[in-house]
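Worksheet: one structure, shown below.
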Amino acid sequence: MTADPEARGGQWPRAPGANPGRRFRARRAAAIIALILGLAGFAVSVFGAAVQMLPRHFTASQQRQIEAWEVMRRWQSMPAGQIFPASVSYQLSAKVLQDTVPLNLNALRVSIAPQQSDCAKAVTSAPAAAALRRNGCEAVLRATYVDATRSYVMTVGVAVLPNATAAASADSGLTTPRLAAARQASAQGRLPAGVLVVRFRGAGAGRYDYSRQISASFTAGPYLVMYAAGYSDSRPRVPVAQDKYSDAEMTSMADGVARTVARTLAAAPAPPRCPGAPGC
């Protein structure tokens with residue numbers, strides 16, 4: 001005889017062991033676990049994306065390397081007219097003028113020489129050439145300047161070395177023959193090794209070709225900065241130090257131009273930043 005569902009209060013007979021409440025609770029628990037796992041995975045993905053978008057923090061060593069690389073590439077990345085500006089301001093000290101205030105003057109750029117990849121051809125002696133070659137000189141950049149009255153003319157040269165240590169070593173290589181030559185300079189009218197002056201042709205030859213009266217060098221990061229200056233009337237080497245005013249004005253111009261060029265090339269770059277995006 002078949003059981004009548006209506007006789008049992010409208011309910012169908014339960015299968016043995018069946019429990020609808022338990023099945024519902026199990027399904028709900030599974031759904032909750034799946035939701036939690038999904039949310040956790042989403043949170044991990046969002047966190048990873050956020051980390052990628054945050055600025056990357058370089059170590060102190062990495063930062064120094066990046067900054068050194070930035071300074072090292074400037075001689076190639078900067079326009080020549082930015083390395084050697086058209087006009088450079090400098091000062092003649094108040095002491096030389098016997099006054100209370102210094103005199104502000106300007107040096108004017110005459111020309112920029114072609115880049116010299118053979119560094120030996122841009123210096124005045126074999127010992128200087130050997131010092132540059134030994135320390136891995138890549139190129140020498142040169143430009144010519146005159147003072148506003150065109151009484152003095154100078155050449156500023158920048159030897160590009162692999163790093164600051166190599167630049168210091170190359171400068172030391174120029175200093176050694178300089179000391180030896182200095183003892184004989186007054187007798188022989190010679191100056192120590194240094195940058196070779198830029199020669200001119202045509203109408204400018206007589207005005208801007210000159211004999212070196214003073215010469216010096218210093219380093220700025222991976223760059224060895226050299227300068228030489230003289231009279232624009234091509235007079236031969238004379239003991240310019242005996243003329244204190246000419247010596248001071250010539251030195252002020254040459255050193256002022258050279259220091260300006262050095263500051264441009266070796267200025268500390270902005271701290272490196274990286275967004276952390278792919279390809280950074």
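The values are calculated or read from the model by the stated rules, or taken from the named source; none is laboratory data. Bear in mind that the values here come from a model prediction, so they are computed numbers and not experimental data. Neighbour counts run over all protein chains shown; Cβ positions are idealised from the backbone, glycine included. Heads up: the accessible areas ignore ligands, DNA and RNA and are worked out on the full protein's heavy atoms, side chains in. Shrake-Rupley method; radii C 1.70, N 1.55, O 1.52, S 1.80 Å.
Just a few scattered comments:
- Options Ile83, Ile112: the member that is surrounded by 14 or more Cβ atoms within 10 Å (Cβ to Cβ), under 30 Å from Arg199 (Cβ atoms) and without any contact (Cβ under 8 Å) to a residue 60 or more places away in the chain: Ile112
- Candidates Ala139, Ala167, Ala159, filtered to the one that is modelled with pLDDT of 95 or more, over 22 Å from Pro236 (Cβ atoms) and surrounded by fewer than 21 Cβ atoms within 10 Å (Cβ to Cβ): Ala139
Quick grid of which residues meet (1) within 21 Å of Ser151 (Cβ to Cβ); (2) at pLDDT below 70; (3) part of a loop (DSSP other than H, G, I, E, B):
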{"site": "Ala187", "(1), (2), (3)": "no, yes, no"}
{"site": "Met226", "(1), (2), (3)": "no, no, no"}
{"site": "Asp233", "(1), (2), (3)": "yes, no, yes"}
{"site": "Thr260", "(1), (2), (3)": "yes, no, no"}
{"site": "Pro275", "(1), (2), (3)": "no, yes, yes"}
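- Among (1) open to solvent by less than 50 Å² (accessible area, probe 1.4 Å); (2) closer than 23 Å to Arg263 by Cα; (3) at pLDDT below 90; (4) more than 17 Å from the chain's Cα centre (by Cα) - the single one Met72 does not satisfy: (4)
- Test: Asp209 is more than 13 Å from Gly230 (Cα to Cα), modelled with pLDDT of 70 or more and among the charged types (D, E, K, R): no
- Unique residue being within 18 Å of Asp255 (Cβ to Cβ) and at pLDDT below 95 when the list is Ser125, Ser111, Ser93, Ser87: Ser93
- The number of residues in region 115-126 that are in a helix (DSSP H, G or I), surrounded by fewer than 23 Cβ atoms within 10 Å (Cβ to Cβ) and touching a Gly at 6+ places or on another chain (Cβ under 7 Å) comes to 0.
- Every condition in (1) assigned to a strand (DSSP E or B); (2) on the phi > 0 side of the Ramachandran plot is met by Arg150 except one, and the failing one is (1).
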